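K.L.:
I am attaching a structure below and will ask some questions about it afterwards.
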Amino acid sequence: MFTAVELEFLRSQRIARLATVGPSGWAHVVPVMYTMNDDGSLDFDVDGVKLRNLAAEPRAAMVVDAMGPRRGITMQGRVELIAPERARLTPARKFTWGL
């Protein structure tokens, strides 16, 4: 799903913003540290509100960006819980800028 340039960018960053949807329908956006997997999925820790939201609605969005020069990737996909407080986003769609 990702080009070599996009993968290099994602591996060079450490922090993303994760957006989930709460029971009220409002978005909940928080910074998360992530690790890239060889298959293009991203793993991150979850607890509290993130965990409750993802358990009820596994669709989420994630943004990884950098300033100077402005560049980034927005991803949408499904999240699966892979351990009690660890989750994996498998992107189904992406949008990039500046890469």
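Derivation of every value follows stated rules applied to the coordinates shown; laboratory data play no part. On a predicted model such as this, the values are computed, not experimentally measured, just so you know. No Cβ is skipped: glycine too gets one built from the backbone with ideal geometry, and neighbour counts run over all protein chains shown.
K.L.:
Given an 8 Å cut-off on Cα distances and at least 6 residues of separation, report the relative contact order of segment 4-97 as a percent.
P.N.:
The value is 25 percent.
K.L.:
Here's a follow-up. Choose one of GLY72, ALA4, THR90: the residue whose Cα lies farthest towards the positive end of the charge dipole of the chain (beta-carbon charges +1 Lys, Arg; -1 Asp, Glu; about the Cα centre).
P.N.:
Projecting each Cα onto the dipole axis, the largest value belongs to GLY72.
K.L.:
By the scheme Lys and Arg +1, Asp and Glu -1, what is the net charge of all other residues having a beta-carbon under 15 Å from that of GLU57?
P.N.:
Once all neighbours under 15 Å are counted, the net charge is +3.
K.L.:
Shifting gears a bit: What's the extension gain from ASP43 to ALA56 if we count 0.36 nm per residue and subtract their Cα-Cα distance?
P.N.:
Extending this stretch completely gives an extra 2.8 nm.
K.L.:
Right, here's the next one. What list of ³J(HN,Hα) couplings, whole Hz, do you get for segment 37-53 from phi and the Karplus terms 6.51, -1.76, 1.60, once you set θ to phi - 60° and write x for glycine and proline?
P.N.:
In residue order, the calculated couplings are 9, 4, 7, x, 7, 10, 9, 7, 7, 9, 7, x, 4, 4, 5, 4, 4 Hz.
K.L.:
Another question, if that's okay. How would you rank 52-60, 76-84, highest first, on the average number of other Cβ atoms within 10 Å across their residues?
P.N.:
Top of the packing list down: 52-60, 76-84.
K.L.:
Nearest 500 deg cm²/dmol is fine: what mean residue ellipticity at 222 nm does the chain get from its DSSP H runs of n ≥ 4 alone, each adding -39,500 (n - 2.57), divided by its residue count?
P.N.:
Dividing the helical sum by the residues of the chain leaves -5000 deg cm²/dmol.
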